[in-house]
Amino acid sequence: PHLTDHIEMDVFDVFQIPYSALQLDHEIAIAKAARAGAGIVIRGGVARGEPGQGHGLTDVWASWKLARMDELLEGMSATTFMLRFTLTNPHAHTTIVGTLNPTHLHENIAAALQGPLPTEIYDEAKRRLTAAQETS
């Protein structure tokens, strides 16, 4: 809750910050911390997984449906898209991804190896998700 204050103290080398495509709340603080020279470790980047497949909460994932994100998947699973979205943030340095089982671990590694999302997909996802989160 005091992230901005902690950044302004200029004494921390690294911040672990909750952030995902479905929870963009800290995006400005992430950029500010990175510009100040701090390392950024993202946690919660896949929003705990899709409801029914992970521990994701239906209310958190509601903006996914509202933003019609399935239209942007291009064959990816929602979790793969979410992880790649997080890794595409230019201010994030790494991310923590919990997993329920070895299959999820292999899927996460494969997603990370695909690299960042194409710029046009990332920008469209941000546009849609920001609009959806503002209306919900």
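A quick yes/no check of all residues on (1) modelled with pLDDT under 90; (2) acidic (Asp, Glu); (3) open to solvent by less than 90 Å² (accessible area, probe 1.4 Å):
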| site | (1), (2), (3) |
| --- | --- |
| ILE7 | no, no, yes |
| PHE15 | no, no, yes |
| LYS32 | no, no, yes |
| GLY37 | no, no, yes |
| VAL46 | yes, no, yes |
| HIS55 | yes, no, no |
| LEU72 | no, no, yes |
| THR80 | no, no, yes |
| ASN89 | no, no, yes |
>> Pairs needed: first member in region 65-81, farther than 20 Å from VAL97 by Cα; second member anywhere, open to solvent by 90 Å² or more (accessible area, probe 1.4 Å); C-beta distance under 8 Å; at least 6 residues apart or different chains.
In response: LEU66/THR135; LEU66/SER136
>> I'd like the full set of residues that are over 17 Å from GLY75 (Cα atoms) and in contact with a Ser or Thr (Cβ under 7 Å, 6 or more places away or on another chain), limited to region 95-124.
In response: THR95, LEU105
>> Looking at region 91-136 only, could you name the residues that are polar (S, T, N, Q) and surrounded by 11 or more Cβ atoms within 10 Å (Cβ to Cβ)?
In response: THR94, THR95, THR99, ASN108, GLN114, THR130, GLN133
> From the residues in region 82-136 that are β-branched (Val, Ile, Thr) and in a helix (DSSP H, G or I), which one is farthest from ASP25 (Cα to Cα)?
Replying inline: THR103
>> Can you tell me which residue is modelled with the lowest pLDDT among those in region 105-136 that are more than 14 Å from VAL46 (Cα to Cα) and acidic (Asp, Glu)?
In response: GLU134
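The values are calculated or read from the model by the stated rules, or taken from the named source; none is laboratory data. What you are looking at is a predicted structure, and each value in this text was computed from that prediction instead of being measured. With ideal geometry, Cβ positions are generated from the backbone for all residues, glycine too; neighbour counts draw on all protein chains shown. Surface accessibility is based on the protein's heavy atoms, side chains included, excluding ligands, DNA and RNA. Shrake-Rupley method; radii C 1.70, N 1.55, O 1.52, S 1.80 Å.
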